[in-house]
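Here's the structure we're looking at; comments come further down.
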Amino acid sequence: MGSAYIPGTNPLKEPVKELVHEKAHYTYRDYKTWGEDFRCELWYGQPVMMSPAPRRRHQELLGNLYKQISRYLEGKPCQVYLAPLDVFLVEGDESLEDCDLVLQPDLMVVCDQNKLIDEGIRGAPDFIIEILSPTTAMRDQSEKKVLYESRGVREYWVANPETLEVFRYVLDQGRYGLPRPAFLNEGAEAAIFQGMTLKVDMEAQGPQITMKSEQAAKDT
């Protein structure tokens, strides 16, 4: 793996600009050669660095949600997965090698077994949860929301690990529309999985991460 220079103060907004073999556009063919120590997502052909190791509260919330979803899915034809696992948002018959959108959502559920491949998941998961961090908050609530909507993710949740507020986006005729707010310490019901209500036994904390208002979400 070649060395990389990561410019700027926000590793999620600044793509890596120097690789040993610098190119204007990368694909999974390049991505798979970079090694496990080079943690990034591939965003329309540009490597975008992942945030540093998640905070403890982020991991507690993620683990709690994973356990609940796993219990709900027992005996059902769907599987739940945690990051790091590559999701290849290919279009049509695009080959894996040529894919330039490779993401690692925090938590995802896949119901189409044909999407499960050795390398990860080929195509859009049915359900995705992203847990916000200071470096990912804006991207998770704007760019990723637009992308997941366009690729057909049926339900997308954005969760704040501090306040436990969650914005739920449900695909309806190809669009998400306004978020459906809820609080995970009170219980948040999934739209596409009947009877799945996620509730965590955690105390809300003062917000350091900003959730976009409904009006702001409407304007994006």
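The values are calculated or read from the model by the stated rules, or taken from the named source; none is laboratory data. Predicted, not measured: the structure shown is a model, and the values here were computed from it. Quick reminder, even Gly has a Cβ in these numbers, built from the backbone with ideal geometry, and neighbours come from all protein chains shown.
Entry remark, segment 146-195: residues being of a type in the set (Val, Ile, Thr) and either within 15 Å of residue 132 (Cβ to Cβ) or part of a strand (DSSP E or B) (or both) number 4 in total.
Rundown of residues vs (1) surrounded by fewer than 18 Cβ atoms within 10 Å (Cβ to Cβ); (2) at pLDDT 95 or above; (3) farther than 28 Å from residue 56 by Cα, yes/no style:
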residue: 93; (1), (2), (3): yes, no, yes
residue: 102; (1), (2), (3): no, yes, no
residue: 116; (1), (2), (3): yes, yes, yes
residue: 122; (1), (2), (3): no, yes, yes
residue: 127; (1), (2), (3): no, yes, no
residue: 140; (1), (2), (3): no, no, no
residue: 154; (1), (2), (3): no, yes, yes
residue: 157; (1), (2), (3): no, yes, no
residue: 163; (1), (2), (3): no, no, no
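Closer than 18 Å to residue 184 by Cβ, touching a residue at least 24 places away in the same chain (Cβ under 8 Å), aliphatic (A, V, I, L, M) and out of contact with any helix residue (DSSP H, G or I) (no Cβ under 8 Å at 6 or more places or on another chain): does that describe residue 137? Against the criterion (closer than 18 Å to residue 184 by Cβ, touching a residue at least 24 places away in the same chain (Cβ under 8 Å), aliphatic (A, V, I, L, M) and out of contact with any helix residue (DSSP H, G or I) (no Cβ under 8 Å at 6 or more places or on another chain)), residue 137 qualifies.
Starting from residues that are part of a loop (DSSP other than H, G, I, E, B) and of a type in the set (A, V, I, L, M), keep the ones in segment 196-212 and report whichever is modelled with the highest pLDDT. Result: 196. Among the residues of segment 140-165, those identified as farther than 29 Å from residue 92 by Cβ and in contact (Cβ under 8 Å) with a residue 60 or more places away in the chain are 159, 161, 162, 164. Within segment 1-33, the residues that satisfy the criterion of being modelled with pLDDT of 85 or more and either crowded, with 16+ Cβ neighbours inside 10 Å or in contact with a strand residue (DSSP E or B) (Cβ under 6 Å, 6 or more places away or on another chain) (or both) are 26, 27, 28, 30, 31.
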